[in-house]
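Data first, discussion second: the structure below is written as structure tokens.
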Amino acid sequence: VQLQASGGGLVQAGGSLRLSCAASGSVIGINMWAWYRQAPGKERELVASITSGGSTNYLDSAKGRFTISRDNTKNTVYLEMNRLKFEDTAVYYCSLRFRNIDYWGQGTQVTVSS
């Protein structure tokens with residue numbers, strides 16, 4: 001299984017971005033998608049996750065601004081990010097837990113200018 005993330009970029013504070021991450025190979029079954037981020041000098045943190053049943057979980061600072069969703073027909077997860085803040089600047093990584101193995105995408109840079 002390989003993950004390919006896309007959608008990062010430079011945006012002004014208050015703007016929006018939509019990240020996508022597609023899995024190659026079959027990942028049908030119980031799994032969990034997640035988005036993490038890592039800012040310079042900081043540890044990687046979980047931003048949002050979504051189970052195969054559709055249950056979601058968010059970082060407190062992302063609640064109400066970010067929405068994680070998935071399209072099982074496309075083996076793809078999305079992260080809709082609205083009202084972006086300077087402190088959201090980071091490299092964003094998608095992750096898929098499938099059959100007790102964690103797969104990671106290559107990371108996509110999100111830069112929010114203040």
Scanning for something surrounded by 16 or more Cβ atoms within 10 Å (Cβ to Cβ), assigned to a strand (DSSP E or B) and among the β-branched types (Val, Ile, Thr), does the range 77-87 turn up at least one residue? yes
Per the filter on the range 24-45, residues open to solvent by 10 Å² or more (accessible area, probe 1.4 Å) and under 22 Å from GLY9 (Cβ atoms) are TYR36, ARG37, GLN38, ALA39, PRO40, GLY41, LYS42, ARG44, GLU45
Look through the range 46-64, keep the residues that are in contact with a Phe, Trp or Tyr (Cβ under 6 Å, 6 or more places away or on another chain) and open to solvent by less than 40 Å² (accessible area, probe 1.4 Å), and return whichever of them is farthest from ARG99 (Cα to Cα). VAL47
What residue, among those in the range 7-23 that are assigned to a strand (DSSP E or B) and open to solvent by 50 Å² or more (accessible area, probe 1.4 Å), is farthest from VAL77 (Cα to Cα)? GLN12
Of these, THR67, THR73, which one is at pLDDT below 95, on the phi < 0 side of the Ramachandran plot and either surrounded by 16 or more Cβ atoms within 10 Å (Cβ to Cβ) or part of a loop (DSSP other than H, G, I, E, B) (or both)? THR73
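The values are calculated or read from the model by the stated rules, or taken from the named source; none is laboratory data. A quick note: this is a predicted structure, and the numbers were derived from the prediction, not measured. Neighbour counts are summed over all protein chains in view; Cβ atoms, including those assigned to glycine, are modelled from backbone coordinates with ideal geometry. Side chains included, ligands, DNA and RNA excluded: accessible areas come from the protein's heavy atoms. Shrake-Rupley method; radii C 1.70, N 1.55, O 1.52, S 1.80 Å.
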